[in-house]
Amino acid sequence: MSDRPPAPGLTETELSDRLHGLAAQGAVRAPASGAAVRSRAVRRRRTRRALLTTAGLTGAAVLTLASGTLRSPAPRPAASPPAPSRASVQQVLIDLDAHTLTVEGRSYAISGPAPHCPLGENAVTVTAKYPVVNLAPNAIGVGRKGPRNWAVTFTDQAHQQRLLFFELTPSDLPDVGEDHILGAVGVTPASGKAVYDAVRLGAQVRIKGGPQSRDVPANSACIDLQPIKGGG
C-alpha cells in the first residue's frame, strides 16, 4: 500500500461544473476540412459575380430607358406630294366630225368652226372662263360683233388668249351640226351654261377631226379668232 494519502474528493458543486464544461465542449463544431473551406470560398465568389452581373444589366437597362426618354426620335422627312396623274386632270373632247363636245361623260351638240377659220390646234388647255366677252367689230363688217356668252378660252401657239367655245344665240340654231362659226366652237343656248359650268380651268381639251390646218389666217373676217383681252 502506498503511504500517499488519498486525494480529497470533489464536492457536488465542483462535479456539476465539470460536467457542464464537458457538455459545452461537445457542442462546439469540429473544425471544417480544407476541401469544405475551398468549396465555400468558390460559392462566395460565384455569388459575388452573379450579383455584379445583375447590377450591371440593371444599370444598362435604366440608362437605355433614360436615354430613350430624354432623346426624342428624329422627325421623318415629309413625303413629297405625288405628281398629278393624267386621270386627275379633267379631259374634254371636241369632235368636229360628230359635232359634239363631251365632258364628264355627257355629250352636247355644237357648231364647228368654218373651214377658212380653223382653230389651228389639236389639243389645248383651258386658261380662262368669262360669263361674257365682247369682241371688237371687224374691219369689213363680216361676222357678228359684240358679246359672246358663257365663253371659255385657251392660249394659242402665238401666246394669244382666244375663244374655244361660247353659247350660240337662238338665231344661230340652224348652224348646230354645221361648220359656220368664224374661228371657235358654238354650244346650243340650252346647253351653254351647263357646259360652261362643267368645264374646269386647267382642263385638257382634245380637238378631233375638222380642218387640221395649223396656219391660222390673219383674216379679219374670222371674228372669233381675235385675241381676248381681259374679257373685253
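The values are calculated or read from the model by the stated rules, or taken from the named source; none is laboratory data. None of these values were measured; they are calculated from a predicted model. Please note that ligands, DNA and RNA were not included when accessible areas were found on the heavy atoms of the full protein model with its side chains. Shrake-Rupley method; radii C 1.70, N 1.55, O 1.52, S 1.80 Å.
Side notes on the structure shown:
- Evaluating 6.51 cos²θ - 1.76 cosθ + 1.60 at θ = phi - 60° for every residue in the range 190-204, the Karplus couplings come out as 5, 10, x, 5, 4, 5, 4, 5, 6, 7, 9, 4, x, 4, 8 Hz, glycine and proline recorded as x.
- Listed residues 168, 201 arranged by accessible area, highest first, probe 1.4 Å: 201, 168
- Of 39, 107, the order by accessible heavy-atom surface (1.4 Å probe, DNA, RNA and ligands excluded), from most exposed downward, is 107, 39.
- Annotation: amide H of residue 203 within the under-5 Å range of 126, sequence separation 5 or more or interchain, hydrogens built in the peptide plane.
- Solvent-accessible area of residue 228 with every protein chain in place, 1.4 Å probe, in Å² to the nearest 10: 10 Å²
- Amide H contacts under 5 Å for residue 135, placed H, 5+ residues apart: 146, 148
- Residues in the range 91-102 carry Karplus couplings, in order, of 10, 10, 10, 10, 9, 6, 7, 7, 6, 9, 10, 10 Hz; the curve used is 6.51 cos²θ - 1.76 cosθ + 1.60 with θ = phi - 60°, and Gly or Pro positions show x.
- Taking 0.36 nm per residue of separation and subtracting the current Cα-Cα distance, fully stretching the chain between residue 160 and residue 48 would add 31.2 nm.
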